[in-house]
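This is the structure I want to talk about, given as structure tokens.
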Amino acid sequence: MAEQEQVTRCLRELEGVVRTLGSDWCVRPYGSSANGFAVKGSDMDVTCFRAGNVNQDCRQPLSRLQTLLESLPQFKVTEAVWGARVPILKLKFEDLDVDLSCQNLDALRNTELFKAYSRLHPAVWQLVVLVKCWARAANVCGAPDGYLSSYSWTLMVIYFLQVHPELQMPCLDTEPFRQGATVESGEMPTWNCSRPPHWLLEAFFMFYAGSRDGFRWGTEVVSVRLGRRVHSGVEDFSPLGSRRAMRLHVEDPFLRFRNLNCVLGKAQEKDMRMKIAQAARAMENCLLPEGMQGLIDAAKASLGPKPGAQSELVGQPSRPLQHQDWDGFWDEAVPVAAPHCAIASTPDHSVGATAADLSRTSAAESASVGSGISPSLPSSPLCPAEWSVEDVVEWLLTLKYDWITRYTASFAQEEIDGVVLRELTSKEMKDELGIVELGYRKVLLADIQALFARGAP
């Protein structure tokens, strides 16, 4: 395809430039252009490194490359970002945006790990592409704007697939990849997924919207390294920065101290949670989430009508989603073919899911049955009156109300510890914590009263 050919040309040109630093210098792509999760319009991330010299300073060779690249007509250096954690040169090759770094070996390890996940099953890359396209369309993606990067969104998808009780995708050991292993150098586990993309997308939104047994925002960590649901306070996360904050926590699988929420602004996090909840409600009602209708319409318009395709179904939001809604989306959004997977095809359960498939149990209905999942959340040994703010939030999440996750952040922001919890009134819940529903306040006050009556959880 044209985009892939452009990437190949760019890599060839960059390799020639980098070799002027020495014959032992190499160029490797990383990120979405190399891990199997690319979508059309993605930029290309590339790093150069000197073989066998992992500790070399990156600034001096990158500065030399800047001078060389500025003299070449096929490249345009648009910006040099020296203050970033990993310094980069932002380049333009034809109409392709390129970020060039030096000695960024952690990114290469991440790429191999993601590539391994992308090859487990077509469902993995399909869901990653859907979520990345939605995040772009909903304007909740991009570190420069204070949102999560596409890298973090990919981690969120993989974690969801690992921990959802109906999916339970295998957790790949990160240590071999840390030591330089590649997808081709080891055996891949097998995993089958019978759920079609629309079901996975709905279940993803419901999970992070905090539906029953959903993600526990503020006390749970997105950790593909562990691949299981664990409280942020456990020893496994002792290196993780800001893990006690009532924020979204996303662990870098190789740099365990790095909490990827470091780029996420508080206002942006609130916006992100709101849009995830809106998307979950839309799909629960058989509607397309924000931005997806436009992407699908664009795909159909660019590809033209397909024989037998019922294109009139698109654009009618009152009817249930059909498999034709996604017809052509993959060709438009994904510049390359699906990654080679351990399971080559998914007959009757992939993009071509039938209307009968859609009439079966939805993700919302499955969630309402109860997943049986039991997150490892430690109980405080203290009397409730001695609880910290974190203990109070942890207790709230054990109540299992679908609506409770909407208000846990308010409890944290207002510093509601055990003493304050005991004295809370219905008016304070409404005015200070934003719980406007009278029924919710009455239920919660009864729970608080029962909690202190027995003296311990």
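Are any residues in the range 1-38 of a type in the set (Asp, Glu) and over 25 Å from the mean Cα position of the chain (by Cα), and if so, which ones?
Within the range 1-38, 5, 13, 15, 24 meet the criteria.
Something else now. Taking interchain pairs and intrachain pairs at least six residues apart, which have beta carbon atoms under 7 angstrom, with the first residue in the range 24-42 and under 18 Å from residue 12 (Cβ atoms) and the second surrounded by fewer than 24 Cβ atoms within 10 Å (Cβ to Cβ) and at pLDDT below 80?
What qualifies is 26/51; 33/42.
Anything in the range 127-144 that is in contact (Cβ under 8 Å) with a residue 40 or more places away in the chain and of a type in the set (A, V, I, L, M, F, W, C)? List them, or say none.
127, 128, 129, 130, 131, 133, 134, 137, 138, 140, 143
How many residues, within the range 16-39, are surrounded by 14 or more Cβ atoms within 10 Å (Cβ to Cβ) and either farther than 14 Å from residue 91 by Cβ or not assigned by TED's automatic domain parsing to the domain that holds residue 94 (or both)?
Residues meeting the conditions: 13.
Sort out which residues of the range 133-172 are out of contact with any Gly (no Cβ under 7 Å at 6 or more places or on another chain) and on the phi > 0 side of the Ramachandran plot, and write them in order of number.
139, 142, 168
Specify which of the listed residues (153, 191, 134) is part of a helix (DSSP H, G or I) and at pLDDT below 95. Can you show your working first?
Numbers: 153 fails: at pLDDT below 95; 191 fails: part of a helix (DSSP H, G or I).
Unique residue meeting the criteria: 134.
Scan 212, 178 and give me the residue that is closer than 23 Å to residue 274 by Cβ, more than 17 Å from the chain's Cα centre (by Cα) and charged (D, E, K, R).
After ruling out the rest, the residue left standing is 212.
Check every one of the helices (runs of 4 or more DSSP H) wholly within the range 1-105 and list those with 3 or more residues that are under 29 Å from residue 155 (Cβ atoms) and modelled with pLDDT of 80 or more. Working first, answer last.
Working: elements: 2-18, 32-35, 59-70.
Fully inside the range 1-105 and qualifying: 2-18, 32-35.
Here's something else I'd like to know. Under 9 Å between Cβ atoms, which residue pairs at least 6 apart in sequence (or on different chains) link something in the range 386-400 that is more than 16 Å from residue 247 (Cα to Cα) with a partner that is among the aromatic types (Phe, Trp, Tyr) and assigned to a helix (DSSP H, G or I)?
387/395
The values are calculated or read from the model by the stated rules, or taken from the named source; none is laboratory data. None of these values were measured; they are calculated from a predicted model. We place every Cβ from the backbone using ideal geometry, glycine too, and count neighbours over all the protein chains shown.
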